[in-house]
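The structure appears right after this line, and notes come after that.
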Amino acid sequence: MLLKNGNIEAIQMKSLLRINRAISRVRDLYSLVTLLASETSKVLDVERSTVFLYSRKTDELWSYVAEGESEEIRFSASQGIAGSVFRNEKTLILRDVSENERFNRTIDRTTGFITRNMITAPIINPSGVCIGVFQVINKKKGNFTDKDAEFLEIVSSETAVTIENVRLLESRKRMFESLIKALTVSIEARDPLTAGHSFDVTFLAGKIAEYMNIDADTREAIYYAALLHDYGKIAVPDSILKKPGNISEDEMSILKKHVQHTKIILSSIEFEGKLEQVPLFAAHHHERIDGKGYPDGLIGPEISIGGKIIAVADVFEALTAKRHYRDPYSLKKTLNLIISGIGTQFDKDAVLALRNYFLDIGKLKPEEVPLD
Ligand SMILES: [Fe+2]
């Protein structure tokens, strides 16, 4: 025997600690389950591990992670050993599959893999619902022991908790995002002519951030800030917001206050961690590099990166869209106007990123939007 029992336990414990550390770091479910499968294969010294999840829709088990297989494996949840473990919710050790009539040979025939022995453990979530099975196949030396089965049960319950936690996080994120979008729709509903503005600004700000190689966390904050940058317009009366033609100085100062309202409203939302900068990014979308912007007249380095990016996207979208008082500008005219504002109104890198985006998608040629 390669390892004495005492050593196996020590190695298993170390592996569980490694898995736990990884779980607290990684947020992507597929990477986590892949890690759980590969650690399990190492510790139990098997040829492969497979994690099957249950699809309620089709009543099938399907391979979420299948080591050594590029194709998805899918079969009826009432079929084979996996199906039997899924239904009975009890771990099963098969030391010789040829002796078991429940073993489904179809999968081996399809994949070309030969199964000799296996342990299959149910994956039961914290609410007591079986959501799949964890299978380890072909012990490389000797055969499976009861201790191996115990270890697989521990890993299966880790897998269940991990899947539930990530699903919960994902559903909370979806709910949060849909609420933010509902807020955006509610402000867009004020004026049919500017409807879609915030969504278009969000798209363009995302492209600019991508072309500037901004990190993923900051990009997410920019995404929410762009969606909500004009939310403060909710406090601006219709008579000013929808007024065709010129507006008076007093009306303009009321309109400009939408930025302060945005900041106050967004500051009341508990944006956490990487999203903490959302209110600040949104509050900077009318600031200018030369300090002539509003509300605070900040100069270049004082303006947040999110504010600089949304400012470019906002003006670009506003000029290319139809307004109460004018027709839309062409893409070429708009981008040239924005380029002429580099260093005074706009951040150079943000403008170049937008220009590169339109050149890349073939909407403009470099000579149409010269830099000098
Ligand atoms: Fe605005």
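Derivation of every value follows stated rules applied to the coordinates shown; laboratory data play no part. Everything numeric in this text was worked out from a predicted model, so none of it was measured. Here Cβ is always computed from backbone atoms with ideal geometry, including for glycine, and neighbour counts include all displayed protein chains.
A compact table of results
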read-out: Euclidean distance of C-alpha centroids, segment 341-360 and segment 158-194, integer Å; value: 30
read-out: Loop sites in segment 245-352: GluC sites (Glu not before Pro), DSSP, at most 14 other Cβ within 10 Å; value: 270, 272, 276
read-out: Per residue, the convex hull volume that the Cα atoms of segment 189-368 enclose (Å³); value: 113
read-out: Residue 321 long-range amide H proximity, modeled H, under 5 Å; value: 329
read-out: For residue 77, distant residues with modelled amide H under 5 Å away; value: 60, 61
read-out: Loop-located GluC sites (Glu not before Pro) in segment 78-111 whose Cβ has at most 12 other Cβ within 10 Å (DSSP); value: 101
read-out: Cα-projected label distance for residue 13 with residue 174, points at 7 Å along beta-carbon direction, nm; value: 4.1
read-out: Rel. contact order, % - alpha carbon contacts under 8 angstrom, at least six apart, the chain; value: 11
read-out: Cα long-axis angle, helix 331-340 against the chain (0 to 90 degrees, to the nearest 10); value: 80
read-out: Over segment 189-368, relative contact order from alpha-carbon pairs under 8 Å, at least 6 apart, %; value: 25
read-out: Proximal aspartates and glutamates relative to residue 242, as straight alpha-carbon distance under 19 Å, when same-chain residues fewer than 8 apart are discounted; value: 188, 191, 230, 250, 251, 314, 317, 327
read-out: Segment 250-328: chymotrypsin sites (Phe, Trp or Tyr not before Pro) in DSSP coil with no more than 16 other Cβ atoms inside 10 Å; value: 325
read-out: Proxy reagent accessibility, fewest Cβ within 10 Å first, across 118, 175, 212; value: 175, 212, 118
read-out: Residue order, fewest to most surrounding Cβ atoms within 10 angstrom, among 58, 218; value: 58, 218
read-out: Angle between the chain longest axis and helix 348-360 axis [Cα atoms, degrees, rounded to 10]; value: 70
read-out: Rg and Dmax [Cα atoms of the chain; Å; Rg one decimal, Dmax integer]; value: 28.9, 89
read-out: Segment 120-224, relative contact order in percent, only Cα pairs under 8 angstrom and at least six apart counted; value: 19
read-out: Shape call, segment 5-167: gyration tensor on alpha carbons, a/c limit 1.5; value: oblate
read-out: Expected 222 nm ellipticity per residue - DSSP helices of 4 or more, -39500 (n - 2.57), all of the chain, to 500; value: -16500 deg cm²/dmol
read-out: Rg/Rh for segment 179-262, where both radii come from Cα atoms and Rh is the Kirkwood radius; value: 1.03
read-out: Nearest-ten-degree value, helix 29-44 long axis tilted from longest Cα axis of the chain; value: 30
read-out: Entries of 14/274; 333/365; 207/308; 181/263; 322/348 with Cα pairs more than 24 Å apart; value: 14/274; 322/348
